[in-house]
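The values are calculated or read from the model by the stated rules, or taken from the named source; none is laboratory data. From a predicted model like this one, the values you see are computed outputs, not experimental measurements. Note: ideal-geometry Cβ built from the backbone for every residue, glycine included; neighbour counts use all protein chains shown. SASA here: full protein model, heavy atoms, side chains in, ligands and nucleic acids out. Shrake-Rupley method; radii C 1.70, N 1.55, O 1.52, S 1.80 Å.
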Amino acid sequence: MHKVDTVVTTVGDQVYHTFFFQVPDKDEAENIIYALSYVDYPPGSLHDDSLELVNEFLVGTEEEAAIAVGGEVIYAADKLISGYPARLWRIDYPSNGGTASARTLAGVAGNRYYELKVFSLQAKGLNKSADRFFDSVRLFAPPE
């Protein structure tokens, strides 16, 4: 499924594209939702060649995500994907009387921000299906 949202930011309206798959039987699956999102920021607002600035942006995004779901960051690590800076984190958060888990792999290529997310029950938070999904991504900078 594909969803498009426009978010008003300090650098103008940003169009977020999200592609996601929700499994039909959450009791049988390792993960409940797989999602890939991206947004193209105005030229010059993200600098993938400045690792310090991108790292600050990704860490800020991670912190905002934890606050948004009322969860706790369980782990986080810097990565490189296709030569571009990225960050992987896991947030556990309350859900329907229990605890759920969201794993995120986010990266910046050119002026494009990418985000892959996998949502699962905490007991199934670490699994090979999520690892394969994250390992399948290749980032590229969009043409200007």
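Label sites at V137 and V8, each approximated as a point 7 angstrom past Cα along Cα to Cβ, lie 2.9 nm apart. Modelled spin labels at T99 and H17, positioned 7 Å past Cα toward Cβ, are 3.7 nm from each other.
The overall shape of the chain is prolate: from the C-alpha gyration tensor, with semi-axes ordered a ≥ b ≥ c, the ratio a/c is 1.5 or greater and a/b exceeds b/c.
The C-alpha atoms of the chain define a longest principal axis, and helix 51-69 lies at about 40 degrees to it. Per residue, the chain exposes 57 Å² of accessible surface when a 1.4 Å probe is rolled over the protein heavy atoms with every protein chain present. Cα centroid separation, segment 1-40 to segment 88-122: 11 Å. Taking each residue as 0.36 nm, the span from T61 to I33 lengthens on full extension beyond its C-alpha to C-alpha distance by 8.1 nm. Share of carbon and sulfur in the accessible area of segment 1-79 stands at 56%, probe radius 1.4 Å. The Cα atoms of segment 6-61 give a gyration tensor whose axes a ≥ b ≥ c have a/c of 1.5 or more with a/b greater than b/c, which makes the shape prolate.
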